[in-house]
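**Student:** I have a structure here, written as structure tokens, and I will follow up with some questions on it.
What follows is calculated from the coordinates using simple rules that are stated; it is not laboratory data. Values in this document were obtained by computation on a predicted structure and should not be read as measured data. Here the Cβ positions follow ideal geometry from the backbone for every residue, glycine too, while neighbour counts run over all protein chains shown.
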Amino acid sequence: MILSFLTYVQGEAANISAKASIDSAFLLMGKQTALHIEIVGELDPKGALSVIDTMWRQVEIVDMGEPKVTDLGNNRKELRQDIIIQSFDSGMYAIPPVLYFQPGDTVATNSPVLKVMPVPVDTLVTIHDYADVADVNRKIFDYLPDWATDYGLWILLAIIVIGGSIFVYYKWLRKGTIPLMPKRKPVPPYQLAMQMLNSLNGEKLCERGEEKQFYTRLTDILRVYLAGRFGINAMEMTSSQIMNALRDNPETRDSESKMQQILEIADFVKFAKVRPLPEDNKAAMDSALAFVENTRPVENPETQQKSENKTNTKI
């Protein structure tokens, strides 16, 4: 025995007491129980327990619990530790003492007695043979790797979300439309221009001395109208370029003079900081209304005839 040459005192030495106890002195074969170790006294921080596991024979150590140290005051401490033991052989066994070492002292616990009782044997006369090998009911998930079964649903959900996002982007968002949203009926350029001109005329900007803002908005309304009605990119054109585009278009050629008057006075107000007369402001608004009205789209004769027939029927 490795520790047989050591001299130790069992139970108490140098103001240190050691005790071992078992939860139950009777244990069914194959079951487990706890061996409680308690060391009390002037314990050194370098002290430690030593279990003589080579002398336990039929009693096995299953697990060693963590030691717990409690300060009792007056330089005294208490060390507690549990040892889980188990036996598969019936009989009466004296548990070997557990040693506690610290510089200058070696103390051993008492040797509690453990009685291991055999498991009751089946009294049936029939001898039971070994059972046949059972077939495992395997599913498709049993053939997948662990990461696929643990995170399979999340991976599938991520694939669905990413795939759906890509589909929505190329199907609708790329074209500037949003799915499941009702489409607003576009307002015809003529109606939109008339609404914006009437709204601007009602704000009375010139009466408040805001001529520059008035002419800026007036020309922007006309530029948007030209883009929507005739496809002229007027927002990116100068005044002279707009006039050239109007002369080249048969539908606007007769009304280009009204647009020219508006653009000329607007350029004077915006760039030369000219203060026009109230009559000039009114004439500019009238010219804008007249230009939009003169260039409004002509209704299809068939559509116009149907509209008149409905009106006559109602009358």
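**Student:** Provide the convex hull volume over Cα atoms per residue for the range 72-168, in Å³.
**Tutor:** Looking at the range 72-168, the number lands at 365 Å³ per residue.
**Student:** Another question, if that's okay. The range 24-106: which trypsin sites (Lys or Arg not before Pro) are DSSP loop and have at most 11 other beta-carbon atoms within 10 angstrom?
**Tutor:** Within the range 24-106, the qualifying trypsin sites (Lys or Arg not before Pro) (loop, at most 11 other Cβ atoms within 10 Å) are LYS46, ARG57.
**Student:** In Å, what Rg and Dmax follow from the Cα atoms of the range 9-117?
**Tutor:** Final numbers for Rg and Dmax: 14.3, 45 Å.
**Student:** Sort 83-91, 21-29 for me by packing, meaning the mean count of neighbouring Cβ atoms within 10 Å per residue, highest on top.
**Tutor:** Most protected by this proxy first, the peptides run 83-91, 21-29.
**Student:** Roughly how compact is the range 189-294, stated as its Cα Rg over 2.2 N^0.38 Å to two decimals?
**Tutor:** For the range 189-294, the normalised Cα radius of gyration is 0.99.
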